[in-house]
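See below for the structure under consideration.
Taken together, the values in this text are just the output of simple stated rules run on the coordinates, not laboratory data. From a predicted model like this one, the values you see are computed outputs, not experimental measurements. Every residue, glycine among them, receives a Cβ derived from its backbone with ideal geometry; neighbour counts consider all protein chains shown.
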Amino acid sequence: MENLHNNYPYLPLAAAQDEIRFLELLPRGLDSSTPIQARLIHGSLKDLPKYDALSYVWGSTHEQTTIQLDDTRDYLVTKNLERALRHISHFETRKNEVVRIWVDAICINQRNIEERNSQVKIMWRIYAAAENV
């Protein structure tokens, strides 16, 4: 995913606190053509948060689109990831609730090698703690 060259200003994670980032998909209503809107938040695995995890290792990185991150930032994602997020948000936000999901391609700062290596080491815990993968 790093070849998408996102310039999102990631805040550092507190590794000692088992901190990871979550993507919160915001309710979109019934209009499926509206852009996906989401925000990145920090949380600790120690707090046993409720979330789903999406293993993102498929699809071409050549077809790209954007989602809206943190209200106004365009965040570049692959078309396949956008479709997956749209599918999840269509079914899960019908209750007008925020959906919390962990997606490695977004929740890990792919430009920060140290963070990426640290997060890869705890991926098994991230997936094990998720309600759905």
Placing each pseudo-label 7 Å from Cα in the direction of the beta carbon, Asn80 and Tyr127 end up separated by a distance in nanometres of 1.6 nm
Kindly rank 8-21, 98-111, 68-81 from highest to lowest mean number of other beta carbons found within 10 Å of each residue.
98-111, 68-81, 8-21
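Per 0.36 nm of contour for each residue apart, how much would the distance between Glu97 and Lys46 grow if the chain were fully extended, relative to their Cα-Cα spacing?
Residue separation times 0.36 nm, minus the Cα-Cα distance, leaves 16.0 nm.
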Quick calc: nm separation of the 7 Å Cα→Cβ label points for Ser33 and Arg116 -> 3.7 nm
